[in-house]
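Visitor: I'd like to ask you about the structure that follows.
Just so you know, all these numbers are worked out from the coordinates, no wet-lab data involved. Every value quoted in this text rests on a predicted model; they were computed, and no experiment measured them. Neighbour counts are summed over all protein chains in view; Cβ atoms, including those assigned to glycine, are modelled from backbone coordinates with ideal geometry.
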Amino acid sequence: MLVVLKTKNILHKRVTILSILLLLLFANSRLYSQIIYTDIPDATPNATYSLDLNNDTVVDFIIYFGGSGSTIGVMCNPQNNNAYSGNFINGTYLPWALSTSNPICASLATWYDFNNPGTLALGTNIGHWVGASDKYLALKLIVGTNTYYGWARIDILSNSASFTIKDYAYESTPNACIQSGQNSLEISEYSKNKLYSIFPNPFKFSTTIQTKSNLKNACLNIYNSNGQIVRQENNLSGHTIFLSRDALSSGLYFIKLTEENKVIAIEKILITD
């Protein structure tokens, strides 16, 4: 009986340790695997919308319409090595018009780059996007040697004479999947009630973080897009945190603000040159 009890205790301890490790792994993945969501005022441009999917001031895709009568249409032109997903029918490249919760990643069979601009809609009967409302364009973003996946939500009139882009997002972990319509819940659930503002953001030299709560001995960690800590500021108090760029290179970062070992805010910042 004693041997059995000891065995059960050892097994219980191992299960407990494994559970803790799994929880830590899940928590880390929620912090480092972030969906960067950008909500914009619904934009209905006269001709062209320059889409900067990762908000780094570089245009990644150009959505535009032109023509007249039955030949008026809406096109997607990837820039650099970026791409959209779709199919090829009767000599025309047609981007998919996805509904919500469709996985967007390498498993999508066909991707087309700048060599093959896509026709979202043409006239009243060509393309998957004719008369589309709240549909999602699957996008692949290439930055250096990394590949990211994202989406843009777009409406197009039934005669293809106008389009409206509403919002967009991408998964900041290279090669990770994102679902169409999925946004950045991990960031917003912490930050929506804890920070007044981060201004300016993006910034070149410094920014100021305003908090709603009065901090006492708080800690601010700065992570790069790979989830590595690149700076730590300790013993922070008050409502205002002045953050200097110092030696940080340009790019996307995440800040995590903790107080008494509790996470009270997670936000993204962008440093530019």
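Visitor: Summing +1 for each Lys or Arg and -1 for each Asp or Glu, what net charge is found among the other residues whose Cβ lies under 13 Å from the Cβ of Val230?
Guide: Values: positive: Arg231, Arg245, Lys256; negative: Glu233, Asp246.
For residues surrounding Val230, the net value is +1.
Visitor: In addition: Please list 130-137, 259-266 highest first by mean number of surrounding beta-carbon atoms within 10 Å per residue. Numbers along the way, then the final one.
Guide: Numbers: 130-137: 19.9, 259-266: 15.1.
Packing proxy ranking, top to bottom: 130-137, 259-266.
Visitor: Something else: So what's segment 60-163 giving for Cα Rg divided by 2.2 N^0.38 Å, two decimals?
Guide: Its radius of gyration relative to the 2.2 N^0.38 Å reference: 1.01.
Visitor: Using amide H atoms built in the peptide plane, which far-off residues or other-chain residues are under 5 Å from Ser162 H to H?
Guide: Those lying under 5 Å, H to H, from Ser162 are Leu157.
Visitor: Measure up Lys140/Lys204; Lys140/Lys262; Lys212/Lys268 against 24 Å on the Cα-Cα distance and list the ones that go over.
Guide: Numbers: Lys140/Lys204 28 Å; Lys140/Lys262 35 Å; Lys212/Lys268 17 Å.
Flagged as over cut-off: Lys140/Lys204; Lys140/Lys262.
Visitor: At 37 °C and a viscosity of 0.692 mPa s, what translational diffusion coefficient does Stokes-Einstein give for segment 54-118, taking Rh as the Kirkwood radius over Cα pairs? Give it in µm²/s as a whole number. Walk me through the numbers before you get to the answer.
Guide: Details: Rh = 13.2 Å.
My calculation gives 248 µm²/s for D.
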